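Notes follow the structure.
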Amino acid sequence: MDLDAVRTFVVVAEQGKFQDAADEIGISQQAVSKRIAALETDLGVRLFTRTARGAELTIDGQAFLPHARVVLDAARRAADSVRPGRRALRVDVLSRQIAPAGLLRDFHRRNPDVELDVVALPNAEAATAAVHAGTIDAAFCTQRIPADRLPGNVRTTRVLDEPIELLTGPAHDLATARAVSPAELGGLRIWMPGNVTGTEWTAYYEELAAAFGLTIDPTGPDFGIEHLLDMVSDSSSLATFVGARTRLVWTARQDLRRIPLRDPVPVYPHSLIWRADNTHPALATLRRHLRRRPADLGDVDTWAPSWA
């Protein structure tokens, strides 16, 4: 279907006269007539009846008009989706509950005019491939690939070191602790059923466990965060790890406890990746915003995985 003809049809319907439509579009009345005639031939119906007052929609024209407007709106949105400076900035956050989503929410609060398209890809490999292919503009991840081995002109920078906390129920032995050290967790069952082999977060927790002699149990079906919170809250022996900036909501009955880890503080390193040749103006704004990193941990002793 000829979009120029559809656009001309809508303008004629709104103006009520072929000449007025021609003036609005900036073409001759004869060109307007040809476009309408071609569209009527394409559809096999009459769209207008010429009267002394101008052009009136036929019943078929009235039926076609709302759909024509939808077609034009879809065409506009399709063009805006790839037009630099007009389309939304596409950013992967891995999960809408964890720290990168919070960083992006803070960016949106400070830059409300920047339109965002927030996606959640399954892992760092998928995010890196999507950035390289240009299907997204940027991604937050734990970047285990050395910068000199990233594909093409993909770039990376570390934007946040997020402290890890212990999450327990009210009956757990450590529920009243103000802080614990990773070494004190030896022999404790840290239940993390969402840890999937090959993902960056599993690699992080495997290295953390090896460094401090921890037991991280990934067994059992992963029914989601709500089930995990229920199980931990009802247990005197189960605990799990969460990022300090991970958004969690629980009921008064669950009464969960978030306990900081100290001496050292394990931190989860979040990075931003993007293509160096991406000219989307909002990408530069996002990168400038992320340079104002949240306050670091000062002189506190921290632990990070070897690739960080």
(message) Looking at THR246, THR279, THR285, can you tell me which residue is in contact (Cβ under 8 Å) with a residue 24 or more places away in the chain, in the same structural domain as PRO151 (by TED's automatic domain parsing) and assigned to a loop (DSSP other than H, G, I, E, B)?
(response) THR279
(request) Would you be able to tell me the number of residues in the range 117-145 that are over 14 Å from LEU290 (Cβ atoms) and either acidic (Asp, Glu) or assigned to a strand (DSSP E or B) (or both)? (result) 4
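The rows are residues; the columns are (1) modelled with pLDDT of 95 or more; (2) outside the structural domain of ASP73 (by TED's automatic domain parsing); (3) surrounded by 15 or more Cβ atoms within 10 Å (Cβ to Cβ).
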{"position": "GLN15", "(1), (2), (3)": "no, no, yes"}
{"position": "PHE18", "(1), (2), (3)": "no, no, yes"}
{"position": "ALA21", "(1), (2), (3)": "no, no, yes"}
{"position": "ILE27", "(1), (2), (3)": "no, no, yes"}
{"position": "LEU39", "(1), (2), (3)": "yes, no, yes"}
{"position": "ARG46", "(1), (2), (3)": "yes, no, no"}
{"position": "ARG50", "(1), (2), (3)": "no, no, no"}
{"position": "ARG53", "(1), (2), (3)": "no, no, no"}
(request) Kindly indicate whether any position in the range 96-107 is surrounded by 13 or more Cβ atoms within 10 Å (Cβ to Cβ) and under 18 Å from LEU3 (Cα atoms). (result) no
(message) So, in the range 160-214, how many residues would count as being over 32 Å from the mean Cα position of the chain (by Cα) and among the acidic types (Asp, Glu)?
(response) 2
(request) State all residues of the range 170-189 that are in contact with an Asp or Glu (Cβ under 6 Å, 6 or more places away or on another chain) and either more than 29 Å from CYS141 (Cα to Cα) or buried (at least 17 other Cβ atoms within 10 Å of the Cβ) (or both); if no residue qualifies, say none. (result) PRO170
(message) Taking the conditions exactly as written (touching a helix residue (DSSP H, G or I) at 6+ places or on another chain (Cβ under 6 Å), assigned by TED's automatic domain parsing to the domain that holds ALA183 and within 23 Å of GLU200 (Cβ to Cβ)), does THR240 satisfy them or not?
(response) yes
(message) Taking the conditions exactly as written (aromatic (Phe, Trp, Tyr) and modelled with pLDDT of 90 or more), does PHE223 satisfy them or not?
(response) no
(message) The conditions are (1) crowded, with 16+ Cβ neighbours inside 10 Å; (2) modelled with pLDDT of 85 or more; (3) touching a Ser or Thr at 6+ places or on another chain (Cβ under 9 Å), and ALA124 fails exactly one of them. Which is it?
(response) (2)
(request) State whether one or more residues within the range 266-275 are polar (S, T, N, Q), surrounded by fewer than 16 Cβ atoms within 10 Å (Cβ to Cβ) and either under 28 Å from the mean Cα position of the chain (by Cα) or farther than 30 Å from HIS132 by Cβ (or both). (result) no
(message) For THR246, only one of the following conditions fails: (1) within 30 Å of VAL154 (Cβ to Cβ); (2) in contact with a Phe, Trp or Tyr (Cβ under 6 Å, 6 or more places away or on another chain); (3) polar (S, T, N, Q). What is its number?
(response) (2)
(request) Would you check which residues across the range 133-160 are of a type in the set (Asp, Glu) and modelled with pLDDT of 90 or more and list them? (result) ASP137
(request) Within the range 197-226, track down each residue that is closer than 15 Å to CYS141 by Cβ and assigned to a loop (DSSP other than H, G, I, E, B). (result) GLY198, THR199
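The values are calculated or read from the model by the stated rules, or taken from the named source; none is laboratory data. These numbers were taken from a predicted model, which means no experiment stands behind them. Positions of Cβ are backbone-derived with ideal geometry, glycine not excepted, and every protein chain shown enters the neighbour counts.
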